[in-house]
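Have a look at the structure below before the remarks.
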C-alpha cells in the first residue's frame, strides 16, 4: 500500500473541507434508534387497583417501545397496614405478591412476557422483581 495521495485526492479533500457540505453524524442517528433495554416503575403507595392499572399501562408501553426488561418496585410490604387486618389476606393484599399474580392471570399482558422473576417475589429480602418482555417482530 502506498502512503502517497494523488493530486486529485488532495484536491477532492481540500474541496470538501472548503465546502459547506458536512457529513451526517452516525452517532446522532444511533441515539434516535437506540432501544432502551431496561425501565423501572415504582408502585410504592398505590392501592391494589391503582397498581394494577399502572403496571398494565407500563408493560404495554414498554412492549411497544421494545424495552427488554422491566424492574417493578413494590416494596417488601413490611409497613403495610394490611398486616394488621385479620380479614385481609397477607399474600393477596400486599403489592409484592398481588401485582405479579395480577400480571400472571392477565393473558393480554402474559402474551408480551417471556418471564416473571418469581424467585425475587418470593424472597423476603427483596422489594422488587423483574419482567422480561418479548420482542415485537
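Search region 1-44 for residues being in a loop (DSSP other than H, G, I, E, B) and modelled with pLDDT of 85 or more, and hand back the single one that is farthest from residue 71 (Cα to Cα). In this case the residue turns out to be 6.
For region 120-131, state whether one or more residues are loosely packed, with under 12 Cβ neighbours inside 10 Å, modelled with pLDDT under 90 and either out of contact with any strand residue (DSSP E or B) (no Cβ under 7 Å at 6 or more places or on another chain) or outside any helix (DSSP H, G or I) (or both).
Applying the first criterion (loosely packed, with under 12 Cβ neighbours inside 10 Å) to region 120-131 yields 124-125.
Applying the additional criterion that residues be modelled with pLDDT under 90 yields 124-125.
Now drop any that are not either out of contact with any strand residue (DSSP E or B) (no Cβ under 7 Å at 6 or more places or on another chain) or outside any helix (DSSP H, G or I) (or both), which leaves 124-125.
Yes, some residue in region 120-131 is loosely packed, with under 12 Cβ neighbours inside 10 Å, modelled with pLDDT under 90 and either out of contact with any strand residue (DSSP E or B) (no Cβ under 7 Å at 6 or more places or on another chain) or outside any helix (DSSP H, G or I) (or both).
Pick from region 55-79 the residues that are assigned to a loop (DSSP other than H, G, I, E, B) and in contact with a helix residue (DSSP H, G or I) (Cβ under 7 Å, 6 or more places away or on another chain): which of them is modelled with the highest pLDDT? Result: 74. Looking across region 96-116, the residues that are surrounded by fewer than 19 Cβ atoms within 10 Å (Cβ to Cβ), touching a strand residue (DSSP E or B) at 6+ places or on another chain (Cβ under 7 Å) and closer than 22 Å to residue 50 by Cα come down to 104, 112, 113.
The values are calculated or read from the model by the stated rules, or taken from the named source; none is laboratory data. Owing to the predicted nature of the structure, the values given are computational and were not obtained by experimental measurement. Neighbour counts run over all protein chains shown; Cβ positions are idealised from the backbone, glycine included.
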